[in-house]
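Novice: Handing you this structure, nothing more for now.
The values are calculated or read from the model by the stated rules, or taken from the named source; none is laboratory data. Values in this document were obtained by computation on a predicted structure and should not be read as measured data. All Cβ positions, even for glycine, are placed from backbone atoms using ideal geometry, and neighbour counts span all protein chains on display.
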Amino acid sequence: MIDMKIDKYEKIGSSKYRLFLSNGEVIDTYDNVILNLDLLLKSDISISDYNKILNDTVIYDKYNACLKYIQVRVRSIKEIRDYLKRKNASDEEIEIIIDKLIASGNLNDDYFVSCFIKDKLRFTSWGPYKVLNELKKHNIDSDIINKYLYLFDDTVVRDKLDRLIDKQINSNRKDSNMKLKNKLYNNFMRLGYKSGMILDILNYKL
């Protein structure tokens with residue numbers, strides 16, 4: 001392929017442009033690609049420029065897909081890495097995109113841990129141990145997780161467990177106290193609550 005010219009630019013979206021090349025080829029790309037390569041300052045592009053346009057466009061395609069994925073809810077770095085693998089991104093592309101997401105503030109394991117713990121404590125029946133076990137699946141540094149252990153305040157967790165146990169007792173009126181106590185104990189152990197805390201509440205209520 002010989003060097004060619006960009007004959008025309010056409011805006012096709014808030015951050016996308018269509019490039020019309022002198023060889024008849026049309027490329028849809030992003031304003032960041034154009035600016036990073038200084039394409040506005042030159043009409044002639046080399047083979048190297050051409051390949052960089054194509055490669056960088058692929059990266060920004062996947063970068064923007066990640067942004068939409070993150071908009072659904074906060075994601076961990078591992079989740080984004082797994083998502084990009086499903087998108088058939090190369091190892092090099094994955095690291096470039098993750099670095100861009102971190103630099104732009106859209107990807108942060110520290111923030112993810114804080115949101116994850118608060119979300120699970122508020123909107124699920126999970127206890128601290130289950131929350132921590134699920135966090136470990138995200139391959140997050142233990143130092144980051146340890147910063148947010150204070151969120152598992154015993155008073156907050158106990159109040160939550162108390163409400164959950166009340167709800168379970170009210171929906172299991174047919175079981176004997178001993179059967180119900182064993183059933184609830186095992187259930188809340190699986191959900192990740194402290195054994196002593198579970199027994200304290202159960203012994204008081206049943």
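Novice: Please indicate, with yes or no, whether at least one residue in the stretch 91-101 is among the hydrophobic types (A, V, I, L, M, F, W, C), part of a helix (DSSP H, G or I), closer than 18 Å to Asp141 by Cα and touching a His at 6+ places or on another chain (Cβ under 9 Å). Spell out how you get there, then give the answer.
Specialist: The initial filter retains those residues of the stretch 91-101 that are among the hydrophobic types (A, V, I, L, M, F, W, C), namely 94, 96-98, 101.
Add one more test, that the residue is part of a helix (DSSP H, G or I), and what stays is 94, 96-98, 101.
Next, from what is left, pick out any that are closer than 18 Å to Asp141 by Cα: 98.
Then keep just the ones that are touching a His at 6+ places or on another chain (Cβ under 9 Å); that gives none.
For the stretch 91-101, residues among the hydrophobic types (A, V, I, L, M, F, W, C), part of a helix (DSSP H, G or I), closer than 18 Å to Asp141 by Cα and touching a His at 6+ places or on another chain (Cβ under 9 Å): absent.
Novice: Follow-up question, since we're still on this one. Do you know which residues across the stretch 24-47 are in contact with a strand residue (DSSP E or B) (Cβ under 6 Å, 6 or more places away or on another chain), at pLDDT 90 or above and exposed (fewer than 15 other Cβ atoms within 10 Å of the Cβ)?
Specialist: Val26, Asp28
Novice: Test of understanding: among Arg173, Arg158, Arg163, Arg122, which residue is of a type in the set (Lys, Arg), in a loop (DSSP other than H, G, I, E, B) and either surrounded by 17 or more Cβ atoms within 10 Å (Cβ to Cβ) or not assigned by TED's automatic domain parsing to the domain that holds Val58 (or both)? Step through it out loud before you land on a result.
Specialist: Values: Arg158 fails: in a loop (DSSP other than H, G, I, E, B); Arg163 fails: in a loop (DSSP other than H, G, I, E, B); Arg122 fails: in a loop (DSSP other than H, G, I, E, B).
Of the residues listed, the single one that is of a type in the set (Lys, Arg), in a loop (DSSP other than H, G, I, E, B) and either surrounded by 17 or more Cβ atoms within 10 Å (Cβ to Cβ) or not assigned by TED's automatic domain parsing to the domain that holds Val58 (or both) is Arg173.
Novice: Here's something else I'd like to know. Which residues, taken from the stretch 50-79, are surrounded by fewer than 17 Cβ atoms within 10 Å (Cβ to Cβ) and not in a helix (DSSP H, G or I)?
Specialist: Arg73
Novice: Would you mind stating whether Leu206 is surrounded by 11 or more Cβ atoms within 10 Å (Cβ to Cβ), more than 29 Å from the chain's Cα centre (by Cα) and more than 30 Å from Asp82 (Cα to Cα)? Spell out how you get there, then give the answer.
Specialist: On the way: surrounded by 11 or more Cβ atoms within 10 Å (Cβ to Cβ): yes; more than 29 Å from the chain's Cα centre (by Cα): yes; more than 30 Å from Asp82 (Cα to Cα): yes.
Here the answer is yes, as Leu206 does meet what is asked.
Novice: What's the number of the condition Leu107 fails, among (1) surrounded by 13 or more Cβ atoms within 10 Å (Cβ to Cβ); (2) in a helix (DSSP H, G or I)?
Specialist: Every listed condition holds for Leu107 apart from (2).
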